[in-house]
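The values are calculated or read from the model by the stated rules, or taken from the named source; none is laboratory data. If you're wondering where the values come from, they're calculated on a predicted model, not measured in any experiment. Backbone-built Cβ (ideal geometry, glycine too); neighbour counts: all protein chains shown.
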């Protein structure tokens, strides 16, 4: 590692108090998707003090921001998230389920750490640009509403990511690894049917059942499933059945649909067919159908060039080191859920050789914290979940890492993650992620051939063009 890059890594460590304060503050605020007013304000305040040029409310999203430092190209974007989840309030560092705020929210996906680690990376790159005077710009993007808001996709609709030369991000996990492979695209739409109320026995001919429309729509989609790609998925939930009285023809009913595919263009076409079924259900029942777009996001385009850069720096920097006390806490926490013996990491799921190697690493570690870097895997991989990082990856080369912020097998969106997210284990993960991302960004700023290789791979992977899943007239919707 060059002296200049090491100085940037040291600068991240020197800002530990600032980064820890942000991580802990966002954990405490625990604000839901697209409602992160305190969290956004905290980031903007810190970034302005650190000398970044901050733009608030970007792309028409009140709790989104960008913060830039430097001038000229390359322009490297770093992605931050900071929304929480409902019903997951939890006391920090606890080994039992204890709500901090009854019925409150919590960072079950550790986005308090995600944003803080991305901030750390931006601070490290800023220190490098200041010290060297080299051309280049780092932009930290505040991306709210990842859990059901898809702000990055709304930003993609505004072509925001085309202005970057590359984007880097990370996510807290139970393993240290470089992320590869694709994911599902996803479109969520609410269908609200309106009918006519009537006495179900005395005046049935005068009624028009909105609930019948919902049920007929569900039947229509059921038959559609035979005629769609086996890589696609359609999920639904009846959100309003129209009431609790069976002797009333229900005048209203609603159903929420989620259309998924491993390719965003296919999801958009499949969504149109679901829309047609909703219209048909309304015609069959004499009701009216109102469609409300909720969110949509694209599949992820991997970039092996960026993955290699990230892995090289991860290898050089190692992994977070934990104290005996931290390891004992993680071991105890791992006893509160099933699956703590699973073999972690993307590579272990797709490559038997890597799986054996990871098992050996786990055995040597001897604790629930996976204090090792999983081998680099760049073969075929598909994660059935969805992330709006996918939309970024369709407009600029994008790379991601995972850093162990909780013990092995800790369930996603769980109280265990919330509990661990405000401990030194979580804080160390955020700091370390910042160092790896900053070091990789510096490579991209200083090695033109490396960046051009990432761009060439990106162009090859995305030659068919980006299909945005967000309609032109849609606005971000605060989840109910």
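Being touching a strand residue (DSSP E or B) at 6+ places or on another chain (Cβ under 8 Å), within 23 Å of residue 226 (Cα to Cα) and buried (at least 16 other Cβ atoms within 10 Å of the Cβ) is the filter here, so list the residues in segment 276-297 that pass it. Listed by number, the residues that qualify are 278, 281, 282. Within segment 131-177, the set of residues being surrounded by fewer than 21 Cβ atoms within 10 Å (Cβ to Cβ) and on the phi > 0 side of the Ramachandran plot comprises 133, 148, 159. Only residues that are surrounded by fewer than 19 Cβ atoms within 10 Å (Cβ to Cβ) and in contact with a strand residue (DSSP E or B) (Cβ under 6 Å, 6 or more places away or on another chain) were counted across segment 416-462, and they come to 0. Condition check for residue 202 on (1) without any contact (Cβ under 8 Å) to a residue 12 or more places away in the chain; (2) under 29 Å from residue 260 (Cβ atoms): one failure, at (2).
Report whether or not residue 407 is surrounded by fewer than 22 Cβ atoms within 10 Å (Cβ to Cβ), in a loop (DSSP other than H, G, I, E, B), out of contact with any strand residue (DSSP E or B) (no Cβ under 7 Å at 6 or more places or on another chain) and assigned by TED's automatic domain parsing to the domain that holds residue 126. For residue 407, the condition - surrounded by fewer than 22 Cβ atoms within 10 Å (Cβ to Cβ), in a loop (DSSP other than H, G, I, E, B), out of contact with any strand residue (DSSP E or B) (no Cβ under 7 Å at 6 or more places or on another chain) and assigned by TED's automatic domain parsing to the domain that holds residue 126 - is not met.
Residue selection: residue 438 satisfies the criterion of being over 26 Å from residue 92 (Cβ atoms) and in the same structural domain as residue 125 (by TED's automatic domain parsing). With respect to the stated conditions, residue 180 fails to be under 25 Å from the mean Cα position of the chain (by Cα) and loosely packed, with under 15 Cβ neighbours inside 10 Å. Of the residues 197, 213, the single one that is in contact with a helix residue (DSSP H, G or I) (Cβ under 7 Å, 6 or more places away or on another chain), surrounded by 13 or more Cβ atoms within 10 Å (Cβ to Cβ) and modelled with pLDDT of 95 or more is 213. Selection of helices (runs of 4 or more DSSP H) fully inside segment 1-94 by the criterion of at least 1 residues being touching a strand residue (DSSP E or B) at 6+ places or on another chain (Cβ under 7 Å) returns 37-49. Filter segment 60-75 for residues that are under 22 Å from the mean Cα position of the chain (by Cα) and surrounded by fewer than 17 Cβ atoms within 10 Å (Cβ to Cβ) and give the result. Matches in segment 60-75: 60, 62.
Between 115, 148, which is touching a strand residue (DSSP E or B) at 6+ places or on another chain (Cβ under 7 Å) and assigned to a loop (DSSP other than H, G, I, E, B)? After applying the criteria, what remains is 148.
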